[in-house]
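Comments concern the structure below.
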C-alpha cells in the first residue's frame, strides 16, 4: 500500500480519445495523482490533447510505459494493442488500468492476469456499465419480475458517413462481441455462467482492405440457469436508425429499457424505473482504482469477470466461423 510520502501518484495515459479525456479530467481533479505524460497514435491529436491538459507528449507507448517515474498506466487505445501495452507495463513495474477489452483473446488475457499477480501489480479492466445507473436499476428490479427466462439486448448505431477509423477495421477493432465486451458482461453479471453460444456475424467490407462500413452480430446465449438471452450488435452505414434496447422477461413481469428510460411491468402494472445519469462514471472508476491502490479497498470487478465474458465472446466468434453452436466448459 502507498503512503502519503509516495503521493501524488504519477500517471501516464495511452490514448487521446473520449475515455482518455475523461480519465485525464479525473486525474487532474484528484490531489492524489499527477498526470505526467500521454501518448497516442495520431501526432496532431496527441499535441492538441497534451496542450489542453498541460502534460508531456511521448512519441510511443513503449517509451511511456518505461518512464521510471510513473506508477500507473491507463490504457485507452486500439483494442488490438491493449494486450501488448498491458504486458509491457506490468513487466516495467507499473500498475495498470485497461478500458475493456484487456485483449481480444481469452487465453492471452489469462496470461496477463497471471503476470500481474506474479509481479504483484494491480490490473483493473474497466467495466463502468456495471456501476452505471441503468445496470444498478435492473439489479434492484429483477426480484420483482420472478424467475427470468428470456432477455434481449440490442444496440444499433447508424453512422453516415463511416470514416476509416480503427473502430471500422477488422484487426484493430476485433470481433464485435469481444470489442464491445460490455454487452456480454452485462448479461453474465446478471445471469451467471453460459452453457452454449450460437452466433452469426456479418461485415460489409471495403474492397481490398481490412476496413468495413458496417457489421451485424447476433448471438444467442444459453445460460446454465435456463435463461436464454439474445445479443444484437450492429453499426455502420447500412443502418438508418440507432437503437438501444434491453428487455428482460420473468414469470411475473418484465423490465424494458429503451435507451436510459426504463419500465417495470409486474402483473400488468407499469411503473417508470428511475435511473442515475451516466455522467461521472470514469471519474468514479478512477476514484475506486486510487482507493484500491492507496487504501486496499476492493474494486467493483475482478479481472476474472472480464476474462469470463471474453471467453464467451471467443466462443461466439468460434460459433460464427463454424456455423454451429459452441458449448463452453
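The numbers here are math on the coordinates, done by the rules we state, and not lab data. Not measured: the values here are computed from a predicted model. So basically every Cβ, Gly included, is an ideal-geometry build from the backbone, and we count neighbours across all protein chains shown.
Some notes on this structure:
- Applying a threshold of 6 Å to beta carbon distances and a minimum spacing of six or more residues, or different chains, the list of pairs starting in the stretch 150-165 at a residue that is under 26 Å from residue 40 (Cβ atoms) and ending at one that is outside any strand (DSSP E or B) reads 157/242; 162/168; 162/237.
- Scanning the stretch 54-73 for residues that are touching a strand residue (DSSP E or B) at 6+ places or on another chain (Cβ under 8 Å) and surrounded by fewer than 16 Cβ atoms within 10 Å (Cβ to Cβ) gives 56, 59, 60, 63, 69.
For every residue, the table says whether it meets (1) in contact with a helix residue (DSSP H, G or I) (Cβ under 8 Å, 6 or more places away or on another chain); (2) touching a residue at least 12 places away in the same chain (Cβ under 8 Å).
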| position | (1), (2) |
| --- | --- |
| 82 | no, yes |
| 88 | yes, yes |
| 94 | yes, yes |
| 103 | yes, yes |
| 119 | yes, yes |
| 125 | yes, yes |
| 134 | no, yes |
| 143 | no, no |
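- Restricted to the stretch 200-240, and to residues there that are farther than 17 Å from residue 165 by Cα and out of contact with any strand residue (DSSP E or B) (no Cβ under 6 Å at 6 or more places or on another chain), the residue that is surrounded by the fewest Cβ atoms within 10 Å (Cβ to Cβ) is 226.
- Residues located in the stretch 288-300, provided they are outside any loop (DSSP other than H, G, I, E, B), loosely packed, with under 15 Cβ neighbours inside 10 Å and touching a residue at least 60 places away in the same chain (Cβ under 8 Å): 295
- Residue 13 falls short on exactly one of the conditions (1) crowded, with 23+ Cβ neighbours inside 10 Å; (2) assigned to a loop (DSSP other than H, G, I, E, B), and that condition is (2).
- Scanning the stretch 244-287 for residues that are farther than 30 Å from residue 34 by Cα and in a loop (DSSP other than H, G, I, E, B) yields 251, 252, 259, 260, 267, 268, 274, 275.
- Residue 278 loosely packed, with under 14 Cβ neighbours inside 10 Å and in contact (Cβ under 8 Å) with a residue 24 or more places away in the chain: yes
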